Every structure is written in C-alpha cells, then in structure tokens.
Amino acid sequence: MSRRDWYDRRLDKRVALQIAEEQGLVADCTELRQTLVAKLKSGEMTIEQVQAELRKVKHDAKKNGKKTRSQIWRSA
C-alpha cells in the first residue's frame, strides 16, 4: 500500500463525515462537541458530566435515526 492510497482514503473519510454533518445525520456533531467544551471551560459542567452527556448522545443516536462520527468514519 502506498502512502498516497492511505492519504486518499483518509481524505474521502473526512469529506464523507463533513457531508453527513451538513445533512444533519451525525448525532455527536462538531457543533455539539464544541458546545460541550464551551460549557466545560465556563465551569457549567464538569468533565464527568460532559463525558456522560456525550455517551448519552452516542447511545441514543440509533434510536433517533442518526449515526455517530465513528460509524460514519468506519463506513466511508
């Protein structure tokens, strides 16, 4: 496997993830993660609370008809 092949696959996965986020198919999207980090930095939530919230979002993704970032990354 050449390095360019690996690089192309990685770019394809990133593009697929960006498209899925734009279409609203990702449960734990970048905006949600940024919001959680902002709450953590402002002191509204502790790291344990943020991690629990992210776990809950990921767990409920299938029930809500969405996918997680890792599922999209692996399937792309």
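The values are calculated or read from the model by the stated rules, or taken from the named source; none is laboratory data. Model, not experiment: these values are computed from the prediction. All Cβ positions, even for glycine, are placed from backbone atoms using ideal geometry, and neighbour counts span all protein chains on display.
Tabulated results
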{"item": "Within region 19-65, considering residues that are of a type in the set (A, V, I, L, M, F, W, C) and touching a helix residue (DSSP H, G or I) at 6+ places or on another chain (Cβ under 6 Å), the one nearest to Ala76 (Cα to Cα)", "result": "Ala20"}
{"item": "Checklist (1) part of a loop (DSSP other than H, G, I, E, B); (2) at pLDDT 95 or above; (3) of a type outside the set (Lys, Arg); (4) surrounded by fewer than 15 Cβ atoms within 10 Å (Cβ to Cβ) applied to Met1, failing item", "result": "(2)"}
{"item": "Matching residues, region 38-76, being farther than 24 Å from Ala16 by Cα and either in contact (Cβ under 8 Å) with a residue 60 or more places away in the chain or outside any helix (DSSP H, G or I) (or both)", "result": "Gly43, Glu44, Met45, Thr46"}
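Quick grid of which residues meet (1) farther than 24 Å from Lys13 by Cβ; (2) surrounded by 13 or more Cβ atoms within 10 Å (Cβ to Cβ):
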| position | (1), (2) |
| --- | --- |
| Leu25 | no, yes |
| Cys29 | no, yes |
| Arg33 | no, yes |
| Lys39 | yes, yes |
| Gln51 | yes, yes |
| Arg55 | no, no |
| Lys63 | yes, no |
| Arg69 | no, yes |
